[in-house]
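Note sheet for the following structure.
The values are calculated or read from the model by the stated rules, or taken from the named source; none is laboratory data. Model, not experiment: these values are computed from the prediction. Here the Cβ is made from the backbone with ideal geometry for all residues, glycine too, and neighbour counts use every protein chain on show. Ligands, DNA and RNA are excluded from the accessible area calculation, which covers all protein heavy atoms including side chains. Shrake-Rupley method; radii C 1.70, N 1.55, O 1.52, S 1.80 Å.
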Amino acid sequence: MRCPTVDMTRRISVVGLGKLGASMAAAIASRGHDVIGVDVNHRAVDALNAGEAPVQETGLQELIEANRSRLRATMSQAEAVRDTELTFVIVPTPSDERGAFSLQYAAFAFREIGKALAAKNERHTVVLTSTVLPGATRHGLLPVLERFSGKTGGVDFGLCYSPEFIALGSVIRDFLNPDFLLIGELDPSSGEHLESCYRDIMKPSVPVRRMTLENAELAKISLNAFVTTKIAFANMLADVCSRMPNGDVDVVTDAIGLDSRIGRKYLTGGLGFGGPCFPRDNIALGFIAEALGARADLPTTTDRLNRANVEQIVHDLAGMLSRDRTVAVLGLAYKPFSHVIENSQAMQLVKALLNRGVRVVAYDSLAGPSADLELQGRAVILDSARDCLRQADVALITTPDPEFKALTAEDFLSSGRSITVVDFWRIQGDRLAGVPGIEYIAYGRGSLEAADSGVLRDLWTGSVVP
């Protein structure tokens, strides 16, 4: 099939109107292309056709409103495939009991797409975007397309694996401005078609890497696992610096981040990583490594360290926690500007405090309702950070949200009594240090107790013979 020429209006369908799928559909339409969204949930389809965002994501509603003429939705895969040239499939691939990713939902989508391909004469390209493990696209999903279409992949239709590297809360920005594009291709024509479509959506200067399906599948989970390893390393440094006289994790990471082999991104020590992707990708990489007979120590250790992070923090804070004190937790999502509390270490911290019998009040501008539902009333979710501080004996700043950075000493002292502030991301800087009535603990910086511990002195005193 001759690939469409550059600078033309593309006809693209997106199967799965969740946070990534709906955002991708709107983003592609914003570049002047005609997009059909597909979902098995009629509420998502009805919402998009009514000009409403089917999910909460930064900037999505505005983008849908601005591009309604190029954006519609249907529950019919046959209609979507018939009227478009390329289909992105973005459906859940939940972790199974092995730590691998289930293909159940992807297989259902591919079955319906296969049926639609059987009735289409023109070559069509199917692109799996959901995260899967090496071999899944070729051996798990390609046979489904071929069986239900009666056609041969790479000959009668195209197939690619092309995951996106995005973060919830900034999906649209990340999708339209990627560091690079990753394309796993069944055959060169498939990859050429997808790359040409991407060139009409993103900036032409974005690097593209085309490779086999299996290499692309491995590259996706490897990137995420590497980032989490870097985060876990930074968190270890923060823990060490907290226990070292004059320790300062930001000073250390700013220095080593200047080395081009390391870089500064994801090197800010604090709470551990969370969200729907990072934690499970380490487990999945460990699974595929072991399945292939390779050592999986690194991803499994990173996962173990991250899981132990909250337990260690609660242990370190034990002296300031008691049933007669109220702890304010500022930030509940796994990162700022997100509604998502899945695998959030802030939420894990709240639960650990509640299990100790501590009274917890908490606030998050976006994740509050979801947190309230999950905690089932065990903690008090309030409408503002200042409302929390008016009740607090201890305040924990658990996400580096600019809203919390803007809080003043007066806000922290609004209860009329002294308060201990633990700033896991050090966003308050030195503004609270030395303020009467405030004990300010910047996690990742050595405390007075560390300076007086004498551990380093005892390690080296007498070790050198004059």
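Considering only residues of the stretch 390-402 that are farther than 17 Å from residue 433 by Cβ and within 21 Å of the chain's Cα centre (by Cα), which is surrounded by the most Cβ atoms within 10 Å (Cβ to Cβ)?
Among residues in the stretch 390-402 that are farther than 17 Å from residue 433 by Cβ and within 21 Å of the chain's Cα centre (by Cα), the one surrounded by the most Cβ atoms within 10 Å (Cβ to Cβ) is 398.
Among the hydroxyl-bearing types (Ser, Thr, Tyr) and buried (at least 17 other Cβ atoms within 10 Å of the Cβ) - does that describe any residue in the stretch 257-265?
No; the residues of the stretch 257-265 include none that is among the hydroxyl-bearing types (Ser, Thr, Tyr) and buried (at least 17 other Cβ atoms within 10 Å of the Cβ).
If residue 371 meets every condition in (1) within 29 Å of residue 267 (Cα to Cα); (2) assigned to a helix (DSSP H, G or I); (3) open to solvent by 20 Å² or more (accessible area, probe 1.4 Å) apart from one, which number is that one?
(3)
Could we say that residue 268 is assigned to a loop (DSSP other than H, G, I, E, B), β-branched (Val, Ile, Thr), touching a residue at least 60 places away in the same chain (Cβ under 8 Å) and crowded, with 19+ Cβ neighbours inside 10 Å here?
Yes; evaluated as a whole, the condition is true for this residue.
Within the stretch 416-430, can you find the residues that are touching a residue at least 12 places away in the same chain (Cβ under 8 Å) and either more than 26 Å from residue 344 (Cβ to Cβ) or outside any loop (DSSP other than H, G, I, E, B) (or both)?
417, 418, 419, 420, 421, 422, 423
Which of the numbered conditions does residue 45 fail, given that it passes all the others? Conditions: (1) of a type in the set (Val, Ile, Thr); (2) touching a helix residue (DSSP H, G or I) at 6+ places or on another chain (Cβ under 6 Å); (3) farther than 30 Å from residue 290 by Cβ.
It is condition (2) that residue 45 fails.
Out of 206, 251, report the one residue that is out of contact with any helix residue (DSSP H, G or I) (no Cβ under 7 Å at 6 or more places or on another chain), assigned to a helix (DSSP H, G or I), at pLDDT 95 or above and of a type in the set (A, V, I, L, M).
The conditions single out 251.
Of all residues being surrounded by 21 or more Cβ atoms within 10 Å (Cβ to Cβ) and touching a helix residue (DSSP H, G or I) at 6+ places or on another chain (Cβ under 6 Å) in the stretch 133-152, which is farthest from residue 220 (Cα to Cα)? Just the residue, please.
Once the filter is applied, the top-ranked residue is 149.
Just one of 377, 434 is modelled with pLDDT under 95, within 23 Å of residue 324 (Cβ to Cβ), out of contact with any Phe, Trp or Tyr (no Cβ under 7 Å at 6 or more places or on another chain) and in a loop (DSSP other than H, G, I, E, B); which is it?
That would be 377, the only listed residue that is modelled with pLDDT under 95, within 23 Å of residue 324 (Cβ to Cβ), out of contact with any Phe, Trp or Tyr (no Cβ under 7 Å at 6 or more places or on another chain) and in a loop (DSSP other than H, G, I, E, B).
Quick one: which of 163, 178 is under 22 Å from residue 87 (Cβ atoms), of a type outside the set (Ser, Thr, Tyr) and either at pLDDT below 95 or in contact with a Ser or Thr (Cβ under 8 Å, 6 or more places away or on another chain) (or both)?
163
Please verify whether the stretch 226-235 includes one or more residues that are in contact (Cβ under 8 Å) with a residue 24 or more places away in the chain and on the phi > 0 side of the Ramachandran plot.
Checked the stretch 226-235: no residue is in contact (Cβ under 8 Å) with a residue 24 or more places away in the chain and on the phi > 0 side of the Ramachandran plot.
Test residue 76 against the criterion of being touching a strand residue (DSSP E or B) at 6+ places or on another chain (Cβ under 9 Å) and of a type in the set (Ser, Thr, Tyr), and give yes or no.
Yes: the conditions hold for residue 76.
Could you give me the residue pairs with C-beta distances under 6 Å whose first residue belongs to the stretch 380-406 and is closer than 14 Å to residue 327 by Cβ, whose second residue is open to solvent by 40 Å² or more (accessible area, probe 1.4 Å) and of a type in the set (S, T, N, Q) wherever it lies, and which are 6+ apart or on separate chains?
Within 6 Å, the pairs are 389/414; 390/414.
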